[in-house]
Each structure stands twice: as structure tokens, then as C-alpha cells.
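One structure below.
The values are calculated or read from the model by the stated rules, or taken from the named source; none is laboratory data. This structure is a prediction, so every number in the text was calculated from the model and none was measured. Please note: Cβ atoms are built from the backbone with ideal geometry, for glycine as well, and neighbour counts cover all protein chains shown. Accessible surface is based on the protein model in full, side chains and every heavy atom, while ligands, DNA and RNA are left aside. Shrake-Rupley method; radii C 1.70, N 1.55, O 1.52, S 1.80 Å.
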Amino acid sequence: MKFADLLARANDSLFIIAEAGVNHNGDVDTALRLVDAAIDSGCDAIKFQTWITEKVYCTTRSVKPEYQARATDASESEFDTIKRLELSFADFRRIKEYCDARGILFFSTPDESDSAEFLLDLGVDLMKTASQDVTNLPFLRQLSAMGLPIIFSTGACTLAELAEAVEAVSSATREVIILHCVSSYPAPFEQMNLSTIPNLAATFGFPVGFSDHTEGVEAACAAVALGARIFEKHLTLDRGMPGPDHQASLEPAEMKTYCEALRNVQRALGDGVKRIMPCEMDARKAFRRFLVSARDLSAGSELSAADVVFKKVVDGISPKHLDMLIGKRLVRDVAADTPLAWTMLESI
């Protein structure tokens, strides 16, 4: 998919990425089932994570973040936990072929250079960076030089760090999408700082989407209203499965609801121009108020405010013209409860 086509789809109906991440638990068949679930849920793409554990984690000094320690065997090292979740390059070739056959965009986050080169050789349409690489400027420059669009996550960083990272990731390409992200699993609503989304777009001049680690759909709906059109959300087959990310992920039925809700919000935004909408026309006819005679009125009498009431009728003279009618003479008799018309009055 070309970058311009991705943006066009995002602007038309959003671009929602199912983040499979490591929710395959190191099993390629589970990964393929996640592909099916992403398609059935209405997602536009599915994203995985590609790494060689020995090139990313130390056997003794890598430390599990708190959310991983809660969700996995606390006595197992970070290295061993991640190694069990690793898929081979051959596995990713199989996944990519399956995605191509099923018609969903596949891509992955490389965690180191060899995996990035592999994904480039595999023929992915774009690259995705992890928030952990915001300060890894040499790696960001390497990815930028590969000539592919880049979706760039921005969790757990300062604005100064982000500015340096944007400069690095856009050093060789302008086809960049920034994802606002809060790196907590799940992320609390009161710390989402969603107002950052339009600010980042104005500051850096790139499209800004949302990597959503919250529970539920509310934050993402707000992000749509704030201008986000590209979304990433973790997908699992079963939140009760063992593994670091399942508990902060959506199950397939929830992901379907998520996609539908976000797209409904986008459709509801409209173009910002206040006007009568087609669906309102019938109601407008039924509930608008017009000027109606309050009692039987005789020809030649002058209208007073007591002679007129405001009632729901199909048409007539708008209440905003009341002052123009007061004191005018009727040119014919008018029965009570009759909508007034200009032809009933002396020339104005």
C-alpha cells in the first residue's frame, strides 16, 4: 500500500491496526488465527513484533517492566520470557504470505537492525517503530534510509526527546506518521493527555494517530474528535491467556465493537458547517412554531399580542416577525386557531 493510499483510506474511514504484538505466545498457528480475528473485526492491518532476542536483551541485566512482571512468571528472567515469545524469520514469511492471501496489510516492528533488514527483504509496505526506540537515533536514521513509510510511536518520552527522534526518523523520508502513545498497560484515562494529538500535528507537520493502551473505547473516540485517523490497538484471542500483553488487549468481538465505534464517531464529525441535515427535514416541518390566531378575529381589527399564539403547524409566519404584525389591520375575518398569513393583513 502506498503512503498516499493509506492516508486517503484513513481520512475516509480511519486506518485501524490490530497490534498482534507477542499475543501469539511464540506459536505461528496462533499468529495466523490473530490474522483471521483482525480481518473479522474490521481492522485494516495487523502488526507484529520482530526481533532476535540475543540482539535486544541481556541475559542477566534486562529487567521486566512492572506490567510484564505481573502477567508472567516473576521468577523468569526478561531474556527467557522474551525468547519464548520469539517467532522465526520463517514464521514471519508464512504470516506475510497468509496476510497477502487474505487481503490484509501485514507489517511488523523491528527491534534491531537484522530484523529491520529482514522485513525490508520480506517486502513490507511500511515500518513501525516502538516507543522504546525514541532515543535510539542511529536506528531511527537507519529505518528512515530504507525508503519505506514509517509509523512512529512516542510513549514515555519528553518533548525534547521526541523532537530529536522526529528529526532522525524523517531524515530520509517525509512519509511519517506519529502515534501519540502512553506506555502503560493498561493506560489510565486521567494520564492520556489526548490534547497532545493536535499539538503534535501542529508542531511537527506530520499526521498524528493514536496507539491506544486504554481499556474500552472512550479515549480512542475522543482521539478521533481531536483529529487522529490512524489507530493501533492490541488484539488477543483470549485475555486469559498467559503472556505479557493479553490483559491489556481486546478480544475479537471487542475489537469489532472498537472499530465500529471509532468509525461511527468519525462519520458523526461532519464538515463543521451548520445547516439543516436531510434527516431533520421531516422533524423541522413537525415541530417549528408559527403565528396562529388566539381567537376569532374580525376584519378591520388591529392585531394585538393577545390575538396571537405560537403553535406547531406546518407553515406560516415565523414568530420572529411578530413585531411587524402588531397594530396591523386584518383585511378579512380569521377564525380561531388559524395560521396567520401575510395576505390576511393590510400591506406592510
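Phe287 fulfils the conditions (1) surrounded by 12 or more Cβ atoms within 10 Å (Cβ to Cβ); (2) over 16 Å from Ala223 (Cα atoms) except for a single criterion, (1). Filtered by the rule that a residue be among the small types (Gly, Ala, Ser) and modelled with pLDDT of 95 or more, segment 274-315 gives Ser293, Ala294, Ser298, Ala299, Gly300, Ser301, Ser304, Ala305, Ala306.
Quick grid of which residues meet (1) open to solvent by 20 Å² or more (accessible area, probe 1.4 Å); (2) touching a residue at least 12 places away in the same chain (Cβ under 8 Å):
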| residue | (1), (2) |
| --- | --- |
| Ser195 | yes, yes |
| Phe204 | yes, yes |
| Phe210 | no, yes |
| Ala223 | no, yes |
| Glu254 | yes, no |
| Asp271 | yes, no |
| Pro278 | yes, no |
| Leu291 | no, yes |
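Assess whether Ala306 counts as being within 48 Å of the chain's Cα centre (by Cα), in a helix (DSSP H, G or I), touching a residue at least 12 places away in the same chain (Cβ under 8 Å) and farther than 30 Å from Ala20 by Cα. So that I can check it myself, show each step before the final result.
On the way: within 48 Å of the chain's Cα centre (by Cα): no; in a helix (DSSP H, G or I): yes; touching a residue at least 12 places away in the same chain (Cβ under 8 Å): yes; farther than 30 Å from Ala20 by Cα: yes.
No: the conditions fail for Ala306.
Among the residues of segment 130-145 satisfying the criterion of being of a type in the set (Ser, Thr, Tyr) and over 14 Å from Thr109 (Cβ atoms), which is surrounded by the most Cβ atoms within 10 Å (Cβ to Cβ)? The residue in question is Ser144. Determine, yes or no, whether Lys64 is at pLDDT below 95, out of contact with any Gly (no Cβ under 7 Å at 6 or more places or on another chain) and either part of a helix (DSSP H, G or I) or farther than 27 Å from Glu251 by Cβ (or both). Here the answer is no, as Lys64 does not meet what is asked.
When restricted to residues that are among the aliphatic types (A, V, I, L, M), loosely packed, with under 13 Cβ neighbours inside 10 Å and touching a helix residue (DSSP H, G or I) at 6+ places or on another chain (Cβ under 9 Å), segment 300-325 contains 2. In the condition set (1) at pLDDT 95 or above; (2) open to solvent by 30 Å² or more (accessible area, probe 1.4 Å); (3) touching a Ser or Thr at 6+ places or on another chain (Cβ under 9 Å), Leu7 is compliant with all but (3).
Is one or more of the residues making up segment 85-98 closer than 20 Å to Arg61 by Cα and assigned to a helix (DSSP H, G or I)?
Checked against the condition, which is being closer than 20 Å to Arg61 by Cα and assigned to a helix (DSSP H, G or I), segment 85-98 yields at least one hit.
This table checks each residue for (1) open to solvent by 30 Å² or more (accessible area, probe 1.4 Å); (2) of a type outside the set (Asp, Glu); (3) outside any strand (DSSP E or B).
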residue: Lys128; (1), (2), (3): no, yes, no
residue: Gly147; (1), (2), (3): yes, yes, yes
residue: Leu162; (1), (2), (3): no, yes, yes
residue: Ala165; (1), (2), (3): no, yes, yes
residue: Ala172; (1), (2), (3): yes, yes, yes
residue: Pro186; (1), (2), (3): yes, yes, yes
residue: Gly216; (1), (2), (3): yes, yes, yes
